[in-house]
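Where a number appears in this text, it was derived from the coordinates with a stated rule and is not lab data. Model, not experiment: these values are computed from the prediction. Using ideal geometry, Cβ is built from the backbone for each residue, glycine included, and neighbour counts are taken over all protein chains shown.
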Amino acid sequence: MKRIAAILQSDPSMIEITVKGWVRSFRNDRFIALNDGSTIHNLQAVIEPENYDRDLLDQINVAAAVAVTGTLTESAGSGQRIELQATKIEILATADPEEVKKTILSPKKHNLETLREQAHLRVRTNTFGAVMRVRAALSFAVHKYFQEQGFYQAHTPIITGSDAEGAGEMFRISTLDPKNPPLDEEGNIDYKQDFFEKESNLTVSGQLEAETYAMGLGQVYTFGPTFRAENSNTSRHLAEFWMIEPEVAFNDLDANMDLAEGFLKSVIDYALENCADDIAFLEKRQADEDKQKPAAERSPMPLREKLEFIGKNNFKRVSYTEAIDILRNSKPNKKKKFKYPINEWGADLQSEHERYLVEKHFECPVILFDYPAKIKAFYMRLNDKDANGNETVRAMDILFPGIGEMVGGSQREERYDVLKQKMTDMEISEEELGWYLEMRKFGSVVHSGFGLGFERLVMFVTGMGNIRDVIPYPRTPGNAEF
Ligand code: 4AD
Ligand code: MG
């Protein structure tokens with residue numbers, strides 16, 4: 001059966017078609033606005049009320065499902081090019097108007113917080129329909145890009161025994177009885193009696209396993225759910241998010257930056273080309289929201305223009321050390337101060353610093369590289385000490401306007417001895433990650449990769465301000481209701 005997206009592109013025709021969808025509105029006993037989820041636009045079906053029983057007409061309510069048969073004609077009205085002249089209507093499923101009234105399906109404006117409370121219904125709204133279609137298109141674009149570049153998808157495990165980021169933010173999994181776990185001789189929980197006979201958790205990143213696959217297949221990428229038990233209740237963090245992690249043998253950090261930049265431009269371009277109607281809708285939505293906001297918080301560009309800007313401009317590449325100099329000499333606001341002033345080399349950047357660099361100083365996406373070794377993960381390639389004796393690693397973060405960190409990546413430490421020392425210094429257990437270290441004994445070559453938080457990309461492309469509104473069922477602290 002043809003979907004409404006395709007029907008709206010077709011020409012008037014005497015051939016009879018049947019369309020199934022949900023009623024968005026029913027005016028004057030004559031005009032049904034029908035939506036089947038394939039497009040932001042509704043198909044107008046026109047009926048002759050005198051041809052139908054009152055009983056049937058009374059069931060054509062908002063949210064009810066109907067099948068309409070008829071022919072496509074040029075529309076006399078101004079809202080649409082073509083419409084369906086109905087000859088037959090079948091009610092597939094009713095929806096009680098009194099019940100509908102209590103939900104976000106009722107035809108009035110609901111705010112995003114209210115929509116979140118009815119996550120099971122929100123995909124039926126215009127905004128979420130548009131966001132989720134864009135999300136699906138971006139997901140396809142990710143696979144398309146890598147497949148066309150000769151990458152293989154690697155399916156890395158969800159359940160792991162290690163902590164890839166060494167940040168201790170894992171969700172433990174266990175089949176032991178939490179009320180009465182078996183104890184070892186020292187009185188600690190005896191994980192030897194657990195399902196995996198050791199402590200295990202949900203993965204925080206597929207990177208380490210992907211690295212092992214890059215050492216065999218050359219170029220791989222993962223695209224799967226990752227889990228972080230970090231208690232950050234922000235509009236940019238989820239406890240369960242989807243991450244894309246390419247990993248490439250023989251790529252150094254510069255090649256890694258090129259890959260990330262080319263990839264981001266390509267998938268954003270794909271959305272611009274393939275989601276034009278949804279992006280136009282979301283652009284208008286953002287403009288309406290901006291009207292309620294103080295000038296400083298409004299989006300600096302219309303959505304489409306912002307997305308096109310990405311394709312047309314090179315990302316600015318700046319070392320951490322240069323960024324620190326810029327930040328130290330900047331006057332970010334009227335008070336001329338950051339909330340967390342940058343006093344010394346080596347400090348981690350806060351989101352206010354990242355946003356200043358991207359939104360005020362450079363006004364374009366920024367790739368920051370060569371971070372202090374101390375604030376980054378153990379697996380990153382160590383640089384020679386700089387003139388001031390500072391130790392940096394070949395890390396890169398890509399910062400986007402309105403988002404902050406979109407990508408985190410690095411060249412990996414391929415030298416056995418250096419990695420071993422680093423693991424000892426950072427107290428990374430060799431028992432857990434011995435396999436990762438061992439890989440450095442056998443043809444260990446320069447290699448690099450990065451991780452892109454898929455929801456942050458979807459936020460950027462849809463202009464949505466809260467990460468909870470770009471994933472069907474957001475998992476955040478205290479929220480796994482649906
Ligand atoms: O910077 P992160 O922690 O890097 C890694 O996990 C590396 N192993 C990636 C790699 O080199 N293969 O995370 C990568 C990206 C971040 O830049 C951000 O976009 C996203 O994942 N991210 C989150 N997105 C939503 N919610 C969270 N809690 C996130 N934590 C990270
Ligand atoms: Mg990071």
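Worth a mention:
- Label point 7 Å beyond Cα of K109 along Cβ direction - residues of the range 288-304 with amide nitrogen under 12 Å: 288-293
- Computed Kirkwood radius, in angstrom, where 1/r is averaged over Cα pairs of the range 123-272: 18.0
- Coarse-grained scattering of the range 256-398 at q = 0.12, 0.14, 0.21, 0.22 Å⁻¹, given as base-10 log I(q)/I(0) from a Debye sum over alpha-carbon atoms: -0.64, -0.83, -1.28, -1.33
- Computed extension gain for D58 through K360, at 0.36 nm per residue and net of the alpha carbon distance, reaches 103.1 nm.
- Too-long pairs where the Cα-Cα distance tops 21 Å, listed order kept, from K336/K385; K312/K360; K284/K316; K374/K420; K293/K337; K265/K293: K336/K385; K284/K316; K293/K337; K265/K293
- Spin-label proximity, D177 to the range 186-221 - amide N less than 20 Å from point 7 Å beyond Cα toward beta carbon: 186-198
- Fully extending the segment from I375 to K334 would add 11.8 nm, taking 0.36 nm per residue of separation and subtracting the current Cα-Cα distance.
- Cα gyration tensor, the range 1-142 - rounded (a/c under 1.5), prolate or oblate: oblate
- Largest first, the extents of the alpha carbon coordinates of the range 215-293 on the three principal axes equal 52, 36, 21 Å.
- Relative to one another, the C-alpha centroids of the range 241-258 and the range 128-153 are positioned 17 Å apart.
- Order of I17, I279 - criterion: other Cβ atoms within 10 Å of each residue's Cβ, fewest first: I17, I279
- The alpha carbon centroids of the range 24-80 and the range 82-106 are separated by 8 Å.
- Each principal axis of the Cα atoms in the range 349-446 has its own extent, and those three values, largest first, are 45, 29, 25 angstrom.
- Amide H contacts under 5 Å for K88, placed H, 5+ residues apart: T69
- Taking the fewest neighbouring Cβ atoms within 10 Å as the starting point, the ordered list for Y221, Y270, Y436 is Y270, Y436, Y221.
- For I82, nonlocal amide neighbours, meaning residues 5 or more places apart or on other chains whose placed amide H falls under 5 Å from its own, are S75.
- Label-to-label distance, Q9 versus Y152, with points set 7 angstrom from Cα along the beta-carbon direction: 3.5 nm.
- Amide H to amide H, with H built 1.01 Å from N, W242 comes under 5 Å of T226, F454, E455, counting only residues 5 or more places away or on other chains.
- All Cα-Cα separations within the range 126-203 were binned at 5 Å from zero, giving a P(r) of 3, 12, 13, 12, 12, 12, 11, 8, 8, 6, 3, 0, each value a whole percent of the pairs.
- With the simple model of a label 7 Å out from the Cα in the direction of the Cβ, V123 to K2 spans 2.5 nm.
- Cβ crowding within 10 Å, taken as a proxy for footprinting-reagent exposure, orders T424, T226 from fewest neighbours to most as T424, T226.
- Normalised by residue count, the chain yields a Cα convex hull volume of 196 Å³ per residue.
- Extension gain from H143 to T87, taking 0.36 nm per residue of separation minus the Cα-Cα distance: 15.9 nm
- Rounded to the nearest 0.05, the FRET efficiency derived from the C-beta distance between E481 and E344 at R0 = 56 Å is 0.80.
- The chain: calculated mean residue ellipticity at 222 nm from DSSP helix runs of at least 4, using -39500 (n - 2.57): -9000 deg cm²/dmol
- Cα-based shape type of the range 17-68, given that a ≥ b ≥ c are square roots of the gyration tensor eigenvalues and the cut on a/c is 1.5: prolate
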